[in-house]
1. Of everything in segment 40-68, what is crowded, with 21+ Cβ neighbours inside 10 Å, more than 9 Å from ligand 1 (Cβ to nearest atom) and closer than 21 Å to Pro117 by Cβ? Give them in sequence order.
2. Tell me yes or no: at least one residue of segment 14-22 is within 16 Å of Ile125 (Cβ to Cβ), hydroxyl-bearing (Ser, Thr, Tyr) and either at pLDDT below 95 or not in a helix (DSSP H, G or I) (or both).
3. Going residue by residue through segment 80-87, is there one that turns out to be within 16 Å of the chain's Cα centre (by Cα) and surrounded by fewer than 17 Cβ atoms within 10 Å (Cβ to Cβ)?
4. Quick one: is Lys3 surrounded by fewer than 19 Cβ atoms within 10 Å (Cβ to Cβ) and touching a strand residue (DSSP E or B) at 6+ places or on another chain (Cβ under 6 Å)?
5. Can you tell me which condition Gly37 does not meet? The list is (1) touching a residue at least 40 places away in the same chain (Cβ under 8 Å); (2) over 13 Å from the mean Cα position of the chain (by Cα); (3) crowded, with 19+ Cβ neighbours inside 10 Å, and all the others hold.
6. Test Gly71 against the stated conditions and say whether it is surrounded by fewer than 16 Cβ atoms within 10 Å (Cβ to Cβ), more than 16 Å from ligand 2 (Cβ to nearest atom) and free of Cβ contacts under 8 Å to residues at least 40 places away in the same chain.
Amino acid sequence: MEKEFTTTSPEETITRGKEFAQELHPGDVVCLHGDLGAGKTHFVKGMAEAFGIARDEIQSPTFTLINELQGNMSLYHFDCYRMESPREALEIGAEEYFYDDGVCVIEWPERILSLIPPEALWVSIEAPDKKTRKFVIGKKGL
Ligand code: ADP
Ligand code: MG
């Protein structure tokens, strides 16, 4: 699923997130790699829509480390920004989510890199300017 594309609005990023998620399968783990404001959460809003979950249920910033959303497939939205170590993620049962048959999507995967399953899909996002976001899907970002 190696792919590159550019978006020029938040709405376009949501649309791309939705299209991306339509190709996913139960049990997939998706890592979103990009700086603060890259558009990770907007991409997740689109993913949610693909599963029949309202975009408004996807929050940014998230203060809960894992947000469980139930649509026609479970979506487990991780925001690891505030995690100090992989141990913290283990303590809240992160690995059980990774090996569950829902889809996991992880913001700030670099915080818990040692726990990320090797078969995870990577989406890397860069922001060359205020409105443009460049996405590379399928390449391990780290
Ligand atoms: P992250 O979760 O990576 O921190 P968010 O999705 O919360 O990022 O926020 C992205 C920010 O960038 C928002 O303020 C949004 O309005 C802005 N933005 C500008 N252009 C885009 C774009 N093409 N795609 C997504 N967000 C964009
Ligand atoms: Mg975010």
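The values are calculated or read from the model by the stated rules, or taken from the named source; none is laboratory data. Quick caveat: nothing in here was measured; it's all calculated off a predicted structure. Backbone-built Cβ (ideal geometry, glycine too); neighbour counts: all protein chains shown.
1. Met47, the sole residue that qualifies.
2. The answer is no, given that none of the residues of segment 14-22 is within 16 Å of Ile125 (Cβ to Cβ), hydroxyl-bearing (Ser, Thr, Tyr) and either at pLDDT below 95 or not in a helix (DSSP H, G or I) (or both).
3. yes
4. Yes: the conditions hold for Lys3.
5. (3)
6. Values: surrounded by fewer than 16 Cβ atoms within 10 Å (Cβ to Cβ): no; more than 16 Å from ligand 2 (Cβ to nearest atom): yes; free of Cβ contacts under 8 Å to residues at least 40 places away in the same chain: yes.
In short, no.
Yes/no per residue for (1) of a type in the set (Val, Ile, Thr); (2) on the phi < 0 side of the Ramachandran plot; (3) not in a loop (DSSP other than H, G, I, E, B):
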position: Gly27; (1), (2), (3): no, no, no
position: Val30; (1), (2), (3): yes, yes, yes
position: Phe43; (1), (2), (3): no, yes, yes
position: Ala48; (1), (2), (3): no, yes, yes
position: Gly52; (1), (2), (3): no, no, no
position: Leu69; (1), (2), (3): no, yes, yes
position: Asn72; (1), (2), (3): no, yes, no
position: Leu75; (1), (2), (3): no, yes, yes
position: Tyr81; (1), (2), (3): no, yes, no
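Okay, residues lined up against (1) touching a strand residue (DSSP E or B) at 6+ places or on another chain (Cβ under 7 Å); (2) not small (Gly, Ala, Ser):
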residue	(1), (2)
Leu65	yes, yes
Leu75	yes, yes
Pro86	no, yes
Leu90	no, yes
Tyr97	yes, yes
Gly102	yes, no
Pro109	yes, yes
Ala127	yes, no
